[in-house]
């Protein structure tokens with residue numbers, strides 16, 4: 001089950017977060033999102049726990065908890081929507 005983890009300290013590493021999360025079960029994947037130009041953390045990431053129960057435990061214990069000087073926000077990750085080709089979705093060509 002995939003979770004969103006927000007309000008991370010910009011200096012928190014994936015290794016730091018892994019140490020915290022492995023107390024709650026098997027971490028299948030972990031990623032802190034970084035700016036593609038600077039490589040600097042954007043202050044949020046995603047973690048996938050092995051089971052729903054482990055994910056619920058992470059949410060119950062870490063949502064609102066302080067870590068690296070910041071209060072974490074933990075929630076279920078939302079599926080990424082297909083964005084298509086971009087542009088204005090309601091754009092219609094005018095017929096003359």
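Worth a mention:
One line per residue, one yes/no per condition, for (1) farther than 17 Å from residue 72 by Cβ; (2) under 16 Å from the mean Cα position of the chain (by Cα); (3) surrounded by 12 or more Cβ atoms within 10 Å (Cβ to Cβ):
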residue: 2; (1), (2), (3): no, yes, yes
residue: 28; (1), (2), (3): yes, yes, yes
residue: 33; (1), (2), (3): no, yes, yes
residue: 39; (1), (2), (3): yes, no, no
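- Residues that are closer than 18 Å to residue 26 by Cα and within 9 Å of the chain's Cα centre (by Cα) were ranked within region 41-75; the one that is surrounded by the fewest Cβ atoms within 10 Å (Cβ to Cβ) is 75.
- Residues that are closer than 18 Å to residue 69 by Cβ and either out of contact with any helix residue (DSSP H, G or I) (no Cβ under 9 Å at 6 or more places or on another chain) or without any contact (Cβ under 8 Å) to a residue 12 or more places away in the chain (or both) within region 19-44 comprise 19, 40, 41, 42, 43, 44, listed in sequence order.
- Test: residue 50 is in contact with a strand residue (DSSP E or B) (Cβ under 7 Å, 6 or more places away or on another chain) and within 15 Å of residue 75 (Cα to Cα): no
Read the figures in this text as sums done on the coordinates, not as results from a lab. What you see is a predicted model; the values in this text were computed from it and never measured. All Cβ positions, even for glycine, are placed from backbone atoms using ideal geometry, and neighbour counts span all protein chains on display.
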